[in-house]
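Following: one structure in structure tokens, then a few remarks.
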Amino acid sequence: MIDQSTPLPNVAVVGLGKIGLPLAAIFANNGYKVFGADINKDVVTSINQGESHVKNEPGLDHLVLNAHKNKTLSATTATSEAVAQSNIIVVIVPVLVDEQNNIDYKIIDRAVQDIAKGVKKGSLIIFETTLPPGDTKNKFGEKIEDISGLTMGEDFYLAYSPERVYSNQIIQDLQNYSKVVGGVNKKSLELASNFYKKALDCKLIEVSSLETAEFSKVAECVYRDVNIALANELAQFAEDKSVNMSEVITASNSQPFSHLHSPGIGVGGHCIPIYPYFFINKGLDQGLTSLSRKVNDNMSNYAISKIKKRIGSLQNKNILILGLSYRENVKETTKSTALLLIDQLKDNRANLFVNDPLFSDSEIAKYGANPLSLNDSFISEIDVVILQAFHQEYSHLDFHKFASCKLVLDGRNKLNKKEISQLGIQYEGIGN
Ligand SMILES: NC(=O)c1ccc[n+]([C@@H]2O[C@H](COP(=O)([O-])OP(=O)(O)OC[C@H]3O[C@@H](n4cnc5c(N)ncnc54)[C@H](O)[C@@H]3O)[C@@H](O)[C@H]2O)c1
């Protein structure tokens, strides 16, 4: 139960995207007055109309509307002003990598600059964005000191708490997952912990430093990337031995110390394929982490070579990718395996089509592919289907309409092999 006997401090949430908006909406429904800040005017407009721009997030629409009605959530593009009206500032804008996998701080640098201009004495700043260990204090804390003239740990408090939620279940995860919290000093940790206890009503894991909290998030993503790479390597070997990897995983994981992840056509999104570089680019020895990145990035090549083995040259073949998003039911293309497939299919001079119910035709066309509706009669001309992201719309896909289809490459091992094979269409999975 939240104690509302003393007035709660105002909160600024900087970055109102897939993670920031759910956070802001929960805080705003738990007694806090929340000033959201985002550089995207459309995002700000929709929130100020009580509408969530983030789709497929159970419970979020209701929370945003409710907070809007109660006047506890407003949004603005003026970050410094939102910060100046608040005592707690939560930073949740992305840090990505560029084409060469160098860390790209452009987005967060701009946000931190705006925060530093607005922050007032006594405020608590919490970074939630995934960061290379050391950045909260050495890069951003010091930058805020320089711009604001305030001293961290004394004039403003500084904490780090990674966001570990999974899109499509964020509201539930925020309550169920323990929140890892680290502070630049004891007071910062105490303030941040008290805030999360009230604002999220969740369990806490207090760690001894900012760096420990930062490291824990990157380590978790590296673990998942390495584990998937292992599953991918074993899946390829299983194919060689005519063994079904899905069956292997179920059997192996019945031993409590075995946690084999699932193999697949690639690892995308703005977490798992990116954060290993937060270690690799900061001095981690070349080893499992960097090798795993290579293994996982090579899976799209592997998938294409499997298709070629079955049907020969791809030149002038009509190939349909199902899913532009990096994974199911989320509108996000960062590091999506679909982008790797598009490049490789173009190199192979295939006629390339993409379907994704979460994107408009013009959004798909921007990636250099022809958008194709599943209701289009041209579906009957498709030679090969590649399942890249298993959106809910694909769970009952009727393959009868793929009258010329020779092969389905099921990159997520989710389709019904028996049904597809019965139609005379060859089926290939990853490790199946
Ligand atoms: N999406 C996930 O599944 C996930 C999971 C765990 C952790 N995270 C962490 O959350 C971060 C944010 O992820 P997301 O999915 O919400 O990203 P997102 O791209 O959906 O949202 C980011 C938002 O920040 C806004 N923004 C950019 N620059 C800004 C600035 N200078 N000031 C204010 N707003 C600005 C953008 O307009 C956008 O609305 C990730 O980088 C990661 O560190 C994400």
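Derivation of every value follows stated rules applied to the coordinates shown; laboratory data play no part. Since the structure is predicted, the reported quantities are computational estimates derived from the model, not experimental observations. Glycine gets a Cβ as well: all are built from the backbone with ideal geometry, and neighbour counts include every protein chain shown.
A few points about this structure:
- Treating each Cα of the stretch 6-120 as one equal point scatterer and applying the Debye formula with no solvent, the log10 of I(q)/I(0) at q = 0.14, 0.22 Å⁻¹ comes out as -0.53, -1.15.
- Spherically averaged projected area in nm², based on the convex hull that wraps the Cα atoms of the chain: 22.0 nm²
- Estimated inter-spin distance, Gln422 and Ser242, nm [label 7 Å along Cα→Cβ]: 2.5 nm
- Result for the chain in a Gaussian network model with C-alpha springs under 10 Å: among Pro256, Pro58, Pro22, the largest mean-square fluctuation is at Pro256.
- Label point of Thr151 set 7 angstrom out along Cα-Cβ; within the stretch 115-141, amide nitrogens under 16 Å from it belong to 121-123.
- With viscosity 0.890 mPa s and temperature 25 °C, the Kirkwood radius over alpha carbon pairs of the stretch 217-297 converts through Stokes-Einstein to a diffusion coefficient of 185 µm²/s.
- Two-site FRET efficiency, Asn298 against Cys202, from Cβ-Cβ distance with R₀ of 30 Å, rounded to 0.05: 0.20
- Dimensions of the stretch 11-208 based on its C-alpha atoms, expressed as ranges along the principal axes with the largest first, amount to 39, 36, 34 Å.
- Computed Rg/Rh of the stretch 29-89, alpha carbon atoms with Kirkwood Rh: 0.96
- The chain - mean residue ellipticity at 222 nm from DSSP helices (-39,500 (n - 2.57) per run, n ≥ 4, rounded to 500): -11500 deg cm²/dmol
- Local electrostatic count at Ala67 - Lys and Arg +1, Asp and Glu -1, tallied over other residues with Cβ under 12 Å: +1
- Coordinate range along principal axes, alpha carbons of the stretch 66-108, Å, largest first: 46, 23, 17
- Across Lys308/Lys417; Lys346/Lys406; Lys186/Lys331; Lys55/Lys417, pairs whose alpha-carbon gap is larger than 28 Å: Lys186/Lys331; Lys55/Lys417
- This ranking places Thr76, Thr250, Thr129 by how few other beta-carbon atoms lie within 10 Å of each, fewest first, which gives Thr250, Thr76, Thr129.
- Annotation for Lys121 and Ile107: the two label points, set 7 Å from Cα along the Cα-Cβ direction, are 3.5 nm apart.
- Annotation: the stretch 247-347 has a Kirkwood hydrodynamic radius of 15.7 angstrom, from the mean reciprocal C-alpha pair distance.
- Protection proxy ranking for 325-331, 196-202, using the average of other Cβ atoms within 10 Å per residue and placing the highest first: 325-331, 196-202.
- Fraction of antiparallel bridges per DSSP, the chain only, in percent to nearest 5: 10 percent
- Once Rg and the Kirkwood radius are both taken over the C-alpha atoms of the stretch 299-428, their ratio Rg/Rh works out to 0.91.
- Efficiency of FRET from Cβ geometry, Ser178 and Asp347, R₀ 60 Å, rounded to 0.05: 0.85
- Model label points for Asn185 and Ala365, set 7 angstrom from Cα along the Cα-to-Cβ axis, are 5.8 nm apart.
- With Cα atoms defining each centre, the stretch 355-370 and the stretch 181-202 are spaced 42 Å apart in the structure.
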